[in-house]
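Here the structure is laid out as structure tokens; the discussion comes afterwards.
The values are calculated or read from the model by the stated rules, or taken from the named source; none is laboratory data. Just so it is clear, the model here is predicted, and its values are computed rather than measured. The protein model used for the area step is the full one, side chains on, heavy atoms only, and it has no ligands, DNA or RNA in it. Shrake-Rupley method; radii C 1.70, N 1.55, O 1.52, S 1.80 Å.
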Amino acid sequence: MTGPAGPLAEHYTAVRTLTEELAAPLSPEDQCIQTMDDVSPTKWHRAHTTWFFETFLLKSHLVGYRELDSLYHYLFNSYYEAAGPRHPRPQRGIISRPSTAEVGDYRRWVDEAMARLLADELPGATSDLVTLGLNHEQQHQELLLMDIKHVLSCNPAQPAYRAEPARPSAVSESAAWARFEGGRCAVGHDGGSFAFDNESPRHEVLLGPYELAGRLVTCGEWLEFMADGGYRTPTLWLSDGWAAAQSAGWSAPLYWSRAGDDSSAGSWQVFTLAGPREVHADEPVCHISYYEADAFAHWAGARLPTEAEWEAAAGSTAAQPDGEDVNLLPSGALHPRPAAGGGLTQLFGDVWEWTASAYSPYPGFSPAAGAVGEYNGKFMVNQMVLRGGCCVTPAGHVRASYRNFFAPGTRWHFSGLRLARNSR
């Protein structure tokens, strides 16, 4: 795709091109499957992100814009009630038409129109809306990979999305603890660049002294939890968590399987985007629910950090989301990697880290007017906050103030944990 010069237009081209690159290894058949309500077909992600630009920018900001197909407004709306009716989320996988090729035509149609819009200088509010749309598409790039992993895992052949690159050398030392004094700390976005509305307003919190584990919890540590009866001990679990684990039959993280009764790391297999392979004890554990993370923390004699503790720690270190050792999407790993080096590591990338904080509005939060105000605020109930990004998070799409959120019983996303404790 080509477009006009200019930073915003270049960013638009780069983001839209990456989405197509991520979909390229998939067949048309791969792109149409929905394996559970939380999973959307790849084709739908490609179309919905296009619908966003059409609905919120082209229809109201480009004179003479004409829809390619008026039915797409219904088919590819996600949850924007103010934008009109939509196709039910659990039934996205039954939409065999438009085809993947026709979705490609739709993307090109909208991209060409956006190129005309971006050719002129835009008012600040319109430019901000384009930036929101690009960050929205980056969220769906991450979801596209999470969702296709679930789709491919349900195939008896367990096919690979693409080959896994060589693993880095393992670091085996035990996790050290990093101490923080706490006190009055400012959290939330400072307003100096793009952020989602749920990251604001910036405000002060009061924290007691606390410690964070220097690295993420590993698969080897999780195997110890399992061997010690972690999934069979109700006193470790929240009531809702125990009910969820019993109902779903959880005995290991999602995508783990075992042949025979051997409980060593080598007997366990994990399905990855590169297909199934042996569980590596030194890698961060991944695809666990909040309930599992909380149970493990209790078993370990620790707790999960609050989101304010996590953000204050991230802001007080030199860790940057674009650091050389950060395992985000550009690394190509598409899976968590072992910790490298000492100190407070893996704050960004590898896995989204569950926190002990319920997803709720910051003091003084006010959603934007209109349909885009439904983006985050309407979900501020029955969700838990995760921090730090993961191995399929696009570059430039995570920061210390970023608040991700999922329901506590969900596991298909790249989620893990870091332990915390009150300072001694």
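Taking θ = phi - 60°, what integer Hz values does the Karplus form 6.51 cos²θ - 1.76 cosθ + 1.60 yield along segment 282-293, in sequence order, with x for Gly and Pro?
8, 7, x, 5, 9, 6, 10, 7, 4, 4, 5, 4
So what's Rg/Rh here for segment 92-243, counting alpha carbon atoms and using the Kirkwood radius for Rh? Before the final figure, lay out the partial values.
Numbers: Rg = 23.5 Å, Rh = 22.1 Å.
We get a ratio of 1.06 for segment 92-243.
Counting only protein heavy atoms and a 1.4 Å probe, tell me what percentage of segment 269-344's accessible area is made up of carbon and sulfur. The partial results should precede the final answer.
On the way: 1250 of 2550 Å².
Of all accessible area on segment 269-344, carbon and sulfur atoms account for 49 percent.
What is the gain in length, in nm to one decimal, between Asp69 and Asp322 on full extension, counting 0.36 nm per residue of separation less the C-alpha to C-alpha distance? Don't skip to the answer; put the middle values down first.
Working: separation 253, 0.36 × 253 = 91.08 nm, distance 3.96 nm.
Going from the current span to full extension adds 87.1 nm.
Non-local amide H neighbours of Asn327 (under 5 Å, H modeled in plane, Pro and chain starts lacking H): which ones?
Excluding prolines and chain starts, which carry no amide H, the hits are Asp350.
Straight-line reach only, C-alpha to C-alpha below 14 angstrom: list the aspartates and glutamates that Lys149 could link to, leaving out same-chain residues fewer than 8 apart.
Filter leaves Asp30, Asp38, Glu164.
For segment 336-420, give me the percentage of DSSP beta bridges that are antiparallel, rounded to the nearest 5 percent. Spell out each step's value before the answer.
Working: 6 of 8 bridges.
So the antiparallel bridges in segment 336-420 amount to around 75 percent.
Suppose we take every Cα in the chain and form the convex hull; what volume per residue is that in Å³? Provide the component values of the computation, followed by the final result.
Numbers: hull volume 62.4 nm³, N = 424.
Hull volume normalised by residue count: 147 Å³.
Give me the extension gain from Lys378 to Ala407: residue separation times 0.36 nm, minus the current Cα-Cα distance, reported in nm with one decimal.
Working: separation 29, 0.36 × 29 = 10.44 nm, distance 1.36 nm.
Gain in length upon complete extension: 9.1 nm.
For segment 1-141, what is the accessible area per residue in Å² when the probe is 1.4 Å? Intermediate results must be reported in sequence, preceding the final value.
Details: 6350 Å² over 141 residues.
For segment 1-141, the solvent-accessible area averages 45 Å² per residue.
Show me, for segment 197-204, the HN-Hα J-couplings you get by feeding each phi into the Karplus relation (A = 6.51, B = -1.76, C = 1.60, θ = phi - 60°), rounded to Hz, glycine and proline as x.
In residue order, the calculated couplings are 5, 6, 8, 10, x, 5, 7, 9 Hz.
How large a share of the accessible area of segment 39-141, in percent, is made up of carbon and sulfur atoms when the probe is 1.4 Å and the other protein chains stay in place?
Values: 2250 of 4360 Å².
Result for segment 39-141: 52 percent of the exposed heavy-atom area is carbon or sulfur.
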